[in-house]
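I have placed the structure first, in the form of structure tokens, so that the comments after it can refer back to it.
The values are calculated or read from the model by the stated rules, or taken from the named source; none is laboratory data. Note that this is a predicted model, so its numbers are computed, not measured. All Cβ positions, even for glycine, are placed from backbone atoms using ideal geometry, and neighbour counts span all protein chains on display. Only protein heavy atoms, including side chains, enter the accessible area calculation; ligands, DNA and RNA are left aside. Shrake-Rupley method; radii C 1.70, N 1.55, O 1.52, S 1.80 Å.
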Amino acid sequence: MDVIRAEEMGMCFGVRDALKVVDAIRDPSRVTIHGELVHNPVVTRRLAGAGFRQSPEGDREFPAPTPLVLITAHGVSDAERRRLEAAGKGLIDATCPLVRRVHEAARALEAEGRHVLLIGKPGHVEVRGVVEDLGRCDVIGAADQVRCYESRRLGIVCQTTMPPDVVDEACDRIRRLNPRADIRLVDTVCLPTRMRQRAMLDLLRRVDAVVVVGGRNSNNTRRLVDLCRQHRTPAHQVESASDLEPGWFAGVDTVGLTAGTSTLDESIDEVHRALERIGIMQQAGE
Ligand code: SF4
């Protein structure tokens, strides 16, 4: 069995930079990470081992028990920033600049008097951060959630990790159901997400099955799995090599390997080596 790696995969620069910020912290016991730094249990366990406190994503501890609070790459609303500062917390900001761009674009559209539509996963931490600073905003998770809006001025932004085809479909439907509206789209899907999706489509043309490495709670990892399934290619999501089951690869000549943006290089390499071992075992007829 051959293993082909996607040309673009794994950690994006936003996650790498956030990890560098964390690595530079001298005294982790003074810092609470506000939500999950990345949606990856390997990283989460490592941070806990180093002595960082971490608020669970859905239930952020407030006020944090430490004097310093680290804002993750997913960002938070200005309102939340103010709440933390009012509670006397020092902020260490690891917000990805491409997430900041979504906040700025949404606010600018609202300042133009537009009703903001955010194409993104309802409840996702990045989405919550953007929505909380706006007077009014509809979050659209998929095209079938689009409706005819009262406002004749609409502004569209996207969660950074939304698949471009989902965004295109939702935008088409917004235009179709609101034919008289003045619509402005600021496409804020981030470049690393686009490149990974494109590499994935390329990979799908060359393989019989795909292994996607990433946390089960990682939205962009799940999106990669969905993309495989849409193209009728079997996909297996694993967090580490120990999740691999040799039986998945019976009759598979070529397997593709890709990973979500919060996956460590070492996890990808470990899964790659394990797949090669499974291939050798297949050849030996074991
Ligand atoms: S996925 Fe995109 S927006 Fe999110 S941290 Fe990575 S580069 Fe930034």
- prompt: In what sequence, largest accessible area first, do F13, F249 appear using a 1.4 Å probe?
  reply: F13, F249
query: What accessible area per residue comes out for region 133-206, rounded to a whole number of Å², with a 1.4 Å probe?
result: 50 Å²
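If you add up the charges near R222, with Lys and Arg at +1 and Asp and Glu at -1, over every other residue whose beta carbon is less than 10 angstrom from its beta carbon, what do you get?
Details: positive: K121, R216, R223; negative: D226.
Net charge in that neighbourhood comes out at +2.
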task: Using only alpha carbon pairs under 8 Å that are at least six residues apart, calculate the relative contact order of region 190-286 and give it in whole percent.
output: 34 percent
- request: Rank-order 172-179, 278-285, 137-144 by packing density, defined as the average count of other C-beta atoms within 10 Å over each peptide's residues, highest first.
  value: 137-144, 172-179, 278-285
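What FRET efficiency comes out for the pair Q282/R45, r = Cβ-Cβ distance, R0 = 25 Å, nearest 0.05?
The pair Q282/R45 has a calculated efficiency of 0.20.
Sort E150, E57, E126, E132 by accessible area with a 1.4 Å probe, largest first. Working shown, then result.
Details: E150 165, E57 30, E126 5, E132 85 Å².
The most accessible residue leads, giving E150, E132, E57, E126.
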- request: Specify the inter-centroid distance of region 200-217 and region 73-118, based on alpha-carbon positions, in whole Å.
  value: 33 Å
message: I'd like the carbon and sulfur percentage of the solvent accessible area for the chain, probe radius 1.4 Å, heavy atoms only, ligands and nucleic acids excluded.
response: 48 percent
- request: Compare the peptides 229-238, 108-117 by average per-residue count of other Cβ atoms within 10 angstrom and give them in order, highest first.
  value: 108-117, 229-238
task: Starting from the amide H of Q54, placed 1.01 Å from N in the peptide plane, find each other amide H under 5 Å away whose residue is 5 or more places distant or on another chain.
output: I33
- line: Note, A108: beta-carbon cut-off 10 Å, +1 each Lys/Arg, -1 each Asp/Glu, net 0
query: Per residue, how much accessible area does region 13-96 show when a 1.4 Å probe rolls over the protein heavy atoms, in square angstrom?
result: 47 Å²
- request: Can you check what the net charge comes to around A199, using other residues whose Cβ is under 12 Å from the Cβ of A199 (Lys, Arg +1; Asp, Glu -1)?
  value: +3
